[in-house]
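Scroll down for the structure; my scribbles are underneath it.
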Amino acid sequence: MCVDALIARMSHAREPLALGMLLQTSNTVRRPRMNQTSEHNWAGNYRYTAPIVHPSNVEQVQLLVAGATGVRALGSRHSFNAIADSAGTLVALDGLDDNIVIDSAALTVAVSAGTTYGTLAVELQRRGFALHNLASLPHISVAGAIATGTHGSGDRNGSLATAVSALEIVTGSGELLRVDRDSTPDFAGMVVALGALGIVTRVTLDIEPSFAVQQFVYENLPWSAVLQNFDAVTGSAYSVSLFTNWHGDTVDQAWVKSRDGDFSAGAAFFGGSAATAGRHPLPGISAINCTEQLGVAGAWSERLAHFRLALTPSNGDELQSEYHVPREHAVAAIEAMRALSLRITPLVLVSEIRSIAADDLWLSSTYGRAGVALHFTWKPEQAAVEALLPVIEAALAPFLVRPHWGKLFQADAAALAPVYPRFDDFRALADRFDPTGKFRNAFLERTVFGR
């Protein structure tokens, strides 16, 4: 049966049903919303080639997957490459109910995969709970961020995916499978999975009691002081971000997020001076879109991200790349990027340097090692940026670099396999979950499955 015919037979049932029962439902149906023409990603630099379907419940997702020859999930469209595209159909999860369920005894929250972190954070804070961290943008979807290894900052803070304790996945047959941290073999390979195992429809996350955060910004930190004291800089508070355009002798800004007063704010920070007004990472841009600074205490949900949920975070069209190196190579990697400043600075809007704790998730950029992320927000000059990426990757190659899966990079599977100890294990896991390659696409063939 073709996908369109399956869509036409989808029922209104809201409770989970076995696939066999779904195929016997009545002809009283509601078609999921479908975009017949392709659409762009958030940044506008990539146009999806597949039609986009918006199911309103998990049963519709199951039917779509069962009837498709090629299918992928589409989250909040914050990837900058082709990772989410498909030669078949794209299933957008924005039509599923958020259905946020908190288990206060187990300290977990279950939520629909397409829910944004900002929406989840607001509800958790209202109920007196918190996540351990947030990414720069709260506008990203939970499942999409997890699948690509998206992270926040902090020496002791793992990526967002480290909070995952269970997943509900629609497999290639259309069955709904629940896997969890405690009882599922190879669960560590199923979290940062790039959509290669199936379509995640629901996620369970660890939570904790709510906490307060203060945010301080310092300007013009001498590079010499930062690099000589790098561990002390990033370890000085719960979360620290350094912003630079790689030109000159100073780091433009340091954003220091203090949890429950773990940072003693002063007029100076490693040679940098305290900002006297709110700052945007880009010079000359209003800080109105940014989360509150100047040490004003507020809930974690309103401070851990850099940008406010209620406002548009982007400065306009932009591109992004990000490269992760082991903690012990951070200073050398930063110096390598500074040596390329004549190439990088003309194309970059701003770069951010952050630290992330190690984890055991197979395709995580911090699998088995604490890491430092070198993030690049580029001007919308894609040809020039893509010409520069191999130069950057060659300079970082001696440091066992791993790119962020959802951003622009040039490395292929041959280059990536040696820096991920469980790479072959993940490919074998994907072969078992998806033997026909239903969830694969050109991006995954290039970066993961090319052998």
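Dividing the Cα convex hull volume of the chain by residue count, how many Å³ per residue is that? Show your work: numbers first, answer last.
Details: hull volume 59.9 nm³, N = 451.
Convex hull volume per residue, Cα atoms: 133 Å³.
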Trypsin sites (Lys or Arg not before Pro) restricted to DSSP loop in the stretch 63-137 with at most 10 other C-beta within 10 Å: none
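Between residue 260 and residue 98, what length in nm is gained on full extension when 0.36 nm per residue of separation is reduced by their alpha carbon distance? Write down the numbers at each step before the final one.
Values: separation 162, 0.36 × 162 = 58.32 nm, distance 2.98 nm.
Length gained between residue 260 and residue 98: 55.3 nm.
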P(r), alpha carbons of the stretch 352-451 - 10 Å bins starting at zero, rounded %: 13, 43, 33, 11, 0
Inter-part gap, Cα centre of the stretch 87-163 to Cα centre of the stretch 210-244, in whole angstrom, is 25 Å
Over 20 Å apart: what share of the alpha carbon pairs of the stretch 212-409 falls there, rounded to a whole percent? 56 percent
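Longest span of the chain, sites excluded, free of GluC sites (Glu not before Pro) in DSSP loop with at most 16 other C-beta atoms within 10 Å? Kindly include the intermediate steps, with their values, before the conclusion.
On the way: sites that count: 39, 175, 292, 381.
It runs 40-174.
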Please list, short to long, the whole-number percent of alpha-carbon pairs of the stretch 230-272 in consecutive 5 angstrom bins beginning at zero. 5, 21, 32, 25, 11, 5, 1
Given points 7 Å out from each Cα along the Cα-Cβ axis, report the residue 228 to residue 107 separation in nanometres with one decimal. 4.1 nm
Gain in span if fully extended, residue 40 to residue 436, counting 0.36 nm per residue against the direct Cα distance: 139.8 nm
Apply 1/(1 + (r/R0)^6) to the Cβ-Cβ distance of residue 126 and residue 414, taking R0 = 56 Å, and write down the FRET efficiency to the nearest 0.05. 0.70
Hey, with R₀ at 25 Å, roughly what FRET efficiency would residue 427 and residue 394 work out to, going by the Cβ-Cβ distance, to 0.05? 0.50
At 37 °C and 0.692 mPa s, what whole-number value in µm²/s does Stokes-Einstein give for the translational diffusion of the stretch 101-210, with Rh from the Kirkwood sum over Cα pairs? 234 µm²/s
Place a label point 7 angstrom from the Cα of residue 178 along the Cα-to-Cβ direction, then list the residues of the stretch 99-125 whose backbone nitrogen is under 20 Å away. 99-115
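Computed from the coordinates by the stated procedures, all read-outs in this text should not be read as laboratory data. The shown structure was predicted, so the numbers you read here are calculated from the model rather than taken from an experiment. Cβ atoms come from the backbone with ideal geometry, glycine included; neighbour counts cover every protein chain shown.
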